[in-house]
Amino acid sequence: MPVTLDKVDLSKYVIILTGATDGIGKEMARMLTEFNPKRLILPARNKEKGNVLLEYIKSTAGHTNNVEIWEMDLADLESVKNFANNYIKEVGELHILIHNAGIAVQNQIMKTKDDLELQFQVNHLAPFLLTLLLLDTIKKSVSAELPGKIALTSSEANQFGEIDFDNLNLEKGDYFNPIKAYANTKLMNVIVAKELGRMLQNENIATYSLHPGVIHTNIGHLNSGIRNFLFKIFTNVILRLEISAEQGAINVLYPVFSPENKETGKYYNLGIECEPNKVANNQEVTRKLWDISEQILKDHGMI
């Protein structure tokens, strides 16, 4: 039975939601606006799509008084750092951070301007950087009466992901396995959420990783050609389980705002708490992934 989302009062909360211009993010932005947040910041790589999003929210929620489009490109670490620095300077308050943006590349290795594999950066490293840069701001903003939340949209694909420290991007070897690469980054989301939950358990901040369900979105918009044949077969099979973008948005937001969820760092599938890939419970792997991710960011001058 699908979960449902009750109306919540967010009038004291400042929220950042990434990946809001398409799919479930677009519906999440609409829902959050209807809950009257103090401020809702929606980072967008494409400002034109951001303006279209504002029009959509205005036509459905009735207003955009508390909604702002800010520029940020997760495929550019400098853009993420600039966003965070400007945010700290101009807003300086944050209670809820929802990392919803993501990408799936099905046919070839694609590199960012930072010379990193695109999925690894957009799905894992850039959200990790944004969290690190804004963590002190969240800590200063929250309290027992106004608790903070950090959520990462993951995928049930995490169940067959691996963390290979010698080949984090699956770039080595003769064959680039796109489905595996995507699954690996989704496992990284689960690991980061779980570790953040452990680190922040006494800071009035709860963390979540969430599978929204199978939804037809723009996540694979960069794909073309015949080399994604395997992924197309995979997609055609799982799309039989497809749900609406609205239900997917509810499946993400429900665990985050449900008063029943007292624990932190948990993984949710379709709004219900579930066990993720057992690798997420391996503290040695978790620590190493965290340290290597930090080192990559240091090497790029981001932290």
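Taken together, the values in this text are just the output of simple stated rules run on the coordinates, not laboratory data. The structure presented is a predicted model; accordingly, all values stated were derived computationally and were not measured. We place every Cβ from the backbone using ideal geometry, glycine too, and count neighbours over all the protein chains shown.
Taking 8 Å as the Cα distance limit and 6 or more residues as the minimum spacing, I'd like the relative contact order of the chain as a percentage. Present the calculation step by step, with values, prior to reporting the outcome.
Numbers: 566 pairs, mean separation 58.7, N = 303.
Over the chain, the number comes to 19 percent.
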Helical contribution to [θ] at 222 nm, DSSP H n ≥ 4, -39,500 (n - 2.57), averaged over the chain, rounded to 500: -13000 deg cm²/dmol
Diffing the stretch 247-257: the Karplus 3J(HN,Hα) column from phi (6.51, -1.76, 1.60, θ = phi - 60°), in whole Hz with x for Gly and Pro, holds 5, x, 4, 5, 4, 7, 6, 4, x, 5, 10
Dipole size in debye (nearest 20) for the stretch 14-299 around its Cα centre, Lys and Arg Cβ +1, Asp and Glu Cβ -1? 260 debye
Scale the Cα Rg of the chain by the rule-of-thumb value 2.2 N^0.38 Å and send over the ratio, two decimals. 0.93
What aspartates and glutamates could a cross-link reach from residue 81, if we take a straight Cα to Cα line under 16 Å and drop same-chain neighbours fewer than 8 places away? 71, 73, 90, 114, 136, 294, 299
Which whole-angstrom value gives the distance between the alpha carbon centres of the stretch 47-69 and the stretch 140-184? 29 Å
Ellipsoid equivalent to the stretch 127-168 - semi-axes via the Cα gyration tensor, in Å: 30, 15, 7
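Distance cut-off 18 Å, Cα to Cα: go down the list 89/140; 149/194; 89/194 and report the pairs above it.
Details: 89/140 14 Å; 149/194 13 Å; 89/194 29 Å.
Violating the 18 Å Cα-Cα cut-off are 89/194.
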Of 47/186; 113/298; 26/58, which pairs sit farther than 22 Å apart, going by alpha carbon to alpha carbon? 47/186
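Say R0 is 25 Å: what FRET efficiency, to the nearest 0.05, do residue 246 and residue 49 get from their beta-carbon distance?
Working: r = 19 Å, r/R0 = 0.77.
Once rounded, the FRET efficiency stands at 0.85.
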Eligible aspartates and glutamates near residue 7 by straight Cα distance, threshold 20 Å, same-chain separation 8 or greater: 27, 34, 145, 246, 260
Any aspartates and glutamates with Cα under 17 Å of the residue 266 Cα? List them, leaving off those in the same chain fewer than 8 positions away. 156, 195, 203, 275
